[in-house]
Each structure stands twice: as C-alpha cells, then as structure tokens.
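Enquirer: A single structure is presented below for examination.
Coordinate-derived values only; no laboratory data. As the structure is a computational prediction, the values presented were derived from the model and not from experiment. Cβ placement follows ideal geometry from the backbone for every residue including glycine, while neighbour counts extend to all protein chains displayed.
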Amino acid sequence: MFNCPLSPEKADRLVEHLALNPDSYAIDVGCGEGEFLIRVAERYKIVGIGLDKNSDLIEVANNKVKTRIPSQDVSFVCQDAKSFAWENQKADLIICIGSEFIFGGYRQALQCLSNSLIDSGKLLIGTVFWKKEPNSEYLSLMNKENPHFDYLTTVEIGIEQGFIPLYLCRSNDDEWDDFESQHAQKQYLTALHNGSKQAFERIQRWQRGYLKWGHETMGFVFLLFQKRHI
Ligand SMILES: C[S@@+](CC[C@H](N)C(=O)[O-])C[C@H]1O[C@@H](n2cnc3c(N)ncnc32)[C@H](O)[C@@H]1O
C-alpha cells in the first residue's frame, strides 16, 4: 500500500492534520502507487497531481482514481520529478514521502519544494532519521551512504529552511516490521521464482541487517511543515 513504514490508520491521522481548504492544489512527488494522495482526495476536494518515474506504479495509481475518486481532478503522471516545472508551481500542499533523495537529499528537497509552495503552504515530508549513530557494519550494508540526521536535527533543518513544524509523528516498531517483512517476502519469492541465489542472499543479508542493527538504529518521521512567511 505504502512504500514506507506507515499504517493506514496513521496515514489517515496525517491526512486529518493537513486541514486543507476546498480546491487546494496538491502535488505528491515520488508518489508510488498514489495511496497517500488518493486518501487526501477522499477527505478533501482538491486538485492533485502525483509524479513517479515508475510507469507500473503510475498505472496502479490511475486505476485507483477511476474506482475511488472518479469525480476528483487528480491525475498521476509518469515523469522524472527532476524535470518537472517546479518553478511554475504554487501548491497549497506538497507531499514528499521517502522521496527526498530525488532532490539530492533532505535539505535540498526542503529548499526546492519551499519555492513551489504558496505563502503558508504545507509540506508533508517523510524521511529516515537516526535513532542512534549507525555503526560501520550497518552503513556498509547501505553502500556506506549516510545522508540522514538525528530526530532533533531533522526538525531543526526544517525550521532553518523557513518552516514551522505543525505536526510530527514517527513510525513505530509494528509499522517497521510490517514494511520490512513485506519487502523481504516479495524479494524472497521473486528470487525463488527466478532461481537467483545472488538475489536470495542479498535479501537475506538485508533482513539480517535490519534485525541486528536497523530496527534500533533507523527511524522514520513524518513532518508536516508550514511555510513561514513572517
Ligand atoms: C520510497 S518510494 C516512496 C513511495 C511513496 N511516496 C510511498 O510512500 O508509498 C520512492 C518513490 O520515488 C520514485 N522515484 C525515484 N526517483 C524518482 C524520480 N527521479 N522522479 C520521480 N519518481 C522517482 C520511485 O519510483 C518510488 O516509487
């Protein structure tokens, strides 16, 4: 449903906190199957666009529009979000969940997306944070990449970039286990189906890393920011 550690219940809570006016314009960048934007459109009358470069996911999202919100002005477009005309946008809401890497990182995403919001526009960004400093073995599993911050720093970077943190919530253990298990299950079954020992061992290593270090090191936070104009 979501390609991040998020339960349907928490998604609905986040949607409530958006408190959008009718006919708000919303953009979901790296929207995946579009589930979050669809829920926003089920709750509020909006004009919305979702962007993802994966055409299979966009097809799923557009099928959901037909069945769940046929009378809403919401569409999903297969496009590299880097080539989207961000400079021409004035959105009431931008959603960017697990997709800040598209802009080169968390801070860069805040900078870029802020310019495409109206004054007092809202940004819902979901990102990884470190619950504790990752150790080197865990980082090796992630190609030694470390673009994340601790919780406080993650919030403070948003404030630095001119946002007010309106509402914050974090993924809990159950959401993480559900997300990681669904990912592992899909990878195991695909590896078995394709007879790929290499793919099988890769997901085994990843799952072990999650159990050994990940669950106590990596957190995920949803930050509802409002652009500050004073
Ligand atoms: C971690 S997933 C998050 C999906 C969705 N926001 C959710 O929470 O379910 C990141 C998404 O970004 C998409 N993506 C990656 N690079 C992209 C790009 N340059 N332009 C648009 N979408 C991109 C991927 O296809 C993937 O669906």
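Enquirer: State the antiparallel share, in %, of DSSP beta bridges confined to the chain, rounding to the nearest 5. It would help to have the intermediate numbers written out before the result.
Expert: Values: 16 of 38 bridges.
Beta bridges within the chain, antiparallel portion: roughly 40 percent.
Enquirer: Spelling out what I want: for every residue of the stretch 11-22, take phi, set θ = phi - 60°, compute 6.51 cos²θ - 1.76 cosθ + 1.60 (Karplus), and round to whole Hz; glycine and proline get x.
Expert: Karplus values, whole Hz, x for Gly and Pro: 4, 5, 5, 4, 4, 4, 5, 5, 6, 7, 7, x.
Enquirer: Any number yet on Rg/Rh for the stretch 122-230, C-alpha, Kirkwood? Don't skip to the end; give the middle numbers.
Expert: Values: Rg = 16.9 Å, Rh = 15.6 Å.
Using only Cα positions, Rg/Rh for the stretch 122-230 is 1.08.
Enquirer: Tell me which of Gly105, Thr154, Ser116 sits at the most positive position along the dipole axis of the chain, charges placed on C-beta atoms (Lys, Arg +1; Asp, Glu -1).
Expert: Of the listed residues, the answer is Gly105.
Enquirer: Let me ask you something else. With an 8 Å cut-off on Cα pairs and a minimum separation of 6 or more residues, tell me the relative contact order of the chain in percent. Working shown, then result.
Expert: Numbers: 391 pairs, mean separation 48.4, N = 230.
Reported relative contact order: 21 percent.
Enquirer: Also, quick follow-up: What Kirkwood Rh does the chain have if only Cα atoms enter the pairwise 1/r average? Answer in Å.
Expert: Values: mean 1/r = 0.0541 Å⁻¹.
For the chain, the Kirkwood estimate is 18.5 Å.
Enquirer: Something else: Of the peptides 189-199, 215-225, how do they stack up when ordered by the mean number of other Cβ atoms within 10 Å, highest first? Don't jump to the answer; show the numbers that get you there.
Expert: Values: 189-199: 11.5, 215-225: 20.0.
Averaged packing, sorted descending, gives the order 215-225, 189-199.
Enquirer: On to the next question. Compute the FRET efficiency between Lys186 and Cys78 as 1/(1 + (r/R0)^6), taking r as their Cβ-Cβ distance and R0 = 22 Å, and round to the nearest 0.05. Could the numbers behind the result be given before it?
Expert: Working: r = 22 Å, r/R0 = 0.98.
Computed FRET efficiency for Lys186 and Cys78: 0.55.
Enquirer: Could you put Lys227, Lys131 in order, starting from the residue whose Cβ has the fewest other Cβ atoms within 10 Å?
Expert: Numbers: Lys227 19, Lys131 15.
Exposure proxy ranking, most exposed first: Lys131, Lys227.
Enquirer: If you don't mind, there's one more thing I want to ask. Could I have the simple spin-label model distance between Asn88 and His215, label points 7 Å from Cα toward Cβ, reported in nm to one decimal?
Expert: In this crude spin-label approximation the distance works out to 4.9 nm.
Enquirer: For Val60, put the label point 7 Å out on the Cα→Cβ axis and report which residues of the stretch 184-203 keep their amide N under 18 Å from it.
Expert: 184-191
Enquirer: If a paramagnetic tag sat 7 Å from the Cα of Ile118 along the Cα-Cβ line, which residues of the stretch 62-97 would have the backbone N under 13 Å from that point?
Expert: It comes to 90-94, nothing else.
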